[in-house]
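Since the structure comes first, as structure tokens, the remarks are kept for the end.
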Amino acid sequence: MRVVHLPARTPYAWKLQSRDFHILNGTELPSGDTVPTAVDAAWLLEHGPLTWLDVLHLHHIDFEDPATLERLLDACLGDGVKVVFTAHDTRPMVGNVEGFTARLRMLHSAEVSWVCLTEGSASKLTETLGRSPGAAVIPHGYVAAPEALAGLERESSSSSRYLMFGASRVSRDQLSTMANWSLGITDPDSSLHVLLRAFSPADFVDGGRAPLLLETARRDPRIRLTMRPYPTDEEVVSAGLASDALLLPYLWGSHSGQLELAFDLNLLPVCSRTGHLPEQYEQHKGLVEKPEWFDWSQGHPNLFGEKFLTALENAAARLESRPRRLDREFLDYRTQEHRTILNQYARVYGGDR
């Protein structure tokens, strides 16, 4: 089956490689056109009829114009293309709730096949839509491929090293997390690596926190900032292997690929208890170490810093006695888990169009 992911530059999409289906993003078509990695609905409509693909796999729909998305769904129906939607989020990462919900209802009306990453997110979407989307629940799975880690090992260090990475989104509290780490971790040999996705103009205007984040980092020589246009899997894994703990200061969210990366690399996650992240841990309970949770779901926001700093202090104590090597048994489990995930997707892709 020939599959196009919209978009396909995330680790989640690119890991779905199987003998049963083939990703067309980044490949050349018989027409001579190359399917963009971050393909959008408008590009697909310009390259119809869509007889050159079998499955359109939708991921993040927040950036698509609703009218264009609707035209694409109609084109897929007319050309016999199966449409699958993985609902990574149950609330918008960009835009507003009304627009996001309207897109979800459009997909539901078009009777596309849904995939959710947790049972909790499937239940939440049922509440939002007023009826079940009939989603297949397929767990997120690994971010770092076990075979890519076969010849690698964690770097050793006498002091704890912390990592925080990702885009500057409203769903993450990077600024106060950095300030609390700087003032709360007093070990002069500890370090914090902040690996950022490139800022946009919006990060500097209308209350954007980028200037304050940069200023905070400059005041502590233990903080190292690295910026990439879009951090690659290799860059993220390299940063993770040189760290001991991963800071996940989500204000809200449905799931976390970063949490799965922490499991892959045997990092201690210092993580807010939000969305269905606890369900991700329960999926691997007994195979991975329990995250150091901090709960921002209740209480006044002015107490968030106190909760995070308490969790950070607890994590620092845990890191003093925690082994730092990769867990090869867990990585073997990941390999088996991935086979199951691919088989589940093959069934979803091959269902009735």
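The values are calculated or read from the model by the stated rules, or taken from the named source; none is laboratory data. Everything quoted here is computed from the prediction, not taken from an experiment. Counting neighbours? That spans all protein chains shown, and the Cβs are built from the backbone with ideal geometry, glycine included. Quick note on the areas: whole protein, heavy atoms, side chains included, nothing else; ligands and nucleic acids left out. Shrake-Rupley method; radii C 1.70, N 1.55, O 1.52, S 1.80 Å.
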Legend entry - Residue within the range 172-182 that is within 16 Å of Glu320 (Cα to Cα) and buried (at least 18 other Cβ atoms within 10 Å of the Cβ) present: no
Legend entry - Residues satisfying the stated conditions in the range 282-299, i.e. in a loop (DSSP other than H, G, I, E, B), open to solvent by less than 30 Å² (accessible area, probe 1.4 Å) and either in contact with a His (Cβ under 6 Å, 6 or more places away or on another chain) or among the hydrophobic types (A, V, I, L, M, F, W, C) (or both): Trp296
Inset, instruction - Look through Leu195, Leu213 and report the one residue that is touching a Pro at 6+ places or on another chain (Cβ under 8 Å) and either in a helix (DSSP H, G or I) or not hydroxyl-bearing (Ser, Thr, Tyr) (or both). - result: Leu195
Inset, instruction - For the range 119-141, enumerate the residues that are open to solvent by 20 Å² or more (accessible area, probe 1.4 Å) and part of a loop (DSSP other than H, G, I, E, B). - result: Gly130, Arg131, Ser132, Gly134, Ala135, Pro139
Inset, instruction - Could you tell me whether the range 223-234 includes any residue that is buried (at least 16 other Cβ atoms within 10 Å of the Cβ), more than 25 Å from Ile341 (Cβ to Cβ), touching a helix residue (DSSP H, G or I) at 6+ places or on another chain (Cβ under 8 Å) and without any contact (Cβ under 8 Å) to a residue 60 or more places away in the chain? - result: yes
Inset, instruction - Please tell me if Ser243 is crowded, with 21+ Cβ neighbours inside 10 Å, polar (S, T, N, Q) and touching a His at 6+ places or on another chain (Cβ under 7 Å). - result: yes
Inset, instruction - Taking the residues in the range 13-56 that are in contact (Cβ under 8 Å) with a residue 40 or more places away in the chain and within 23 Å of Thr68 (Cβ to Cβ) as candidates, determine which candidate is farthest from the chain's Cα centre (by Cα). - result: Trp52
